[in-house]
Amino acid sequence: MDRIETLSRARAQFESRLHLVRDDQWATPTPCEGWTVHDLVRHAVGGNRMTDVLLHGGTREEAIAAASDPDALGDDALGAFARSADAQAAAFGQPGVFERVVPHPAFDMPVTQLFGFRVGDLTIHSWDLARAIGADEELDPDVVAVVFDSLAPLAEVLPASGVFGTGPSGTVGDDAPLQQRMLDLSGRRP
């Protein structure tokens, strides 16, 4: 599976759950501590927008502003997500983009690493969104494998990042389903 297909499939699994959010679920808590469904979707849109800014030569400050816009969803969360995901996909489709390094808010980051972060973010938050709204939690197994392969080498440092909860629990065996292992690595306890 090539990168663009991986990104497309990660987007599709998030978007399919987003379409299921009812009007009365936007304030529902998610597995992300302190985040509601609205916060989680705003985060996904912000990540897409930040990536678009970075891949079009934006500065670290412009990326932060794009990621943290409190009104990123406006009054059309579905449209905001679709537009941001389209822009992100087009940005990753630029010739030579994967040879670059961008001024990500965390550190100067190779685009290959940024790509992995975006696929992981959309995939893991697809599960978070599904869990919050009571939707199907089964994720695309091919995308899960890509995310797991990118997270596994970081297992010991994930808790220190502050964005993966307490990181791996240490209780999920190597024989557990890959989705469960990926979720555990990312601090989720399904």
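Structure summary
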quantity	calculated
Of residues in the stretch 26-58 being polar (S, T, N, Q) and in a helix (DSSP H, G or I), the one farthest from residue 188 (Cα to Cα)	51
Unique match (being at pLDDT 85 or above, outside any helix (DSSP H, G or I) and surrounded by 14 or more Cβ atoms within 10 Å (Cβ to Cβ)) among 172, 146	172
Residue list for the stretch 94-119, filter: in a loop (DSSP other than H, G, I, E, B) and either within 10 Å of residue 55 (Cβ to Cβ) or touching a residue at least 60 places away in the same chain (Cβ under 8 Å) (or both)	94, 100
Selection status of residue 73, in a loop (DSSP other than H, G, I, E, B), of a type in the set (A, V, I, L, M, F, W, C) and modelled with pLDDT of 95 or more	yes
The listed residue being surrounded by fewer than 21 Cβ atoms within 10 Å (Cβ to Cβ) and β-branched (Val, Ile, Thr), out of 123, 112	112
Unmet requirement for residue 61, which otherwise passes all of (1) more than 15 Å from the chain's Cα centre (by Cα); (2) closer than 25 Å to residue 145 by Cβ; (3) assigned to a helix (DSSP H, G or I)	(2)
Hey, residue 128 under 16 Å from residue 17 (Cβ atoms), in a helix (DSSP H, G or I) and of a type in the set (Asp, Glu) or not	yes
Selection within the stretch 131-143 - assigned to a loop (DSSP other than H, G, I, E, B) and either crowded, with 17+ Cβ neighbours inside 10 Å or of a type in the set (A, V, I, L, M, F, W, C) (or both)	135, 139, 140
Residues of the stretch 149-169 satisfying the condition of being part of a helix (DSSP H, G or I), more than 14 Å from the chain's Cα centre (by Cα) and hydrophobic (A, V, I, L, M, F, W, C)	152, 154, 158, 160
The stretch 175-190, subset among the charged types (D, E, K, R) and touching a helix residue (DSSP H, G or I) at 6+ places or on another chain (Cβ under 9 Å), residue modelled with the lowest pLDDT	189
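The values are calculated or read from the model by the stated rules, or taken from the named source; none is laboratory data. Predicted model only: the values in this text are computed from it and were never measured. Cβ sites come from the backbone with ideal geometry, for glycine too, and all protein chains shown count toward neighbours.
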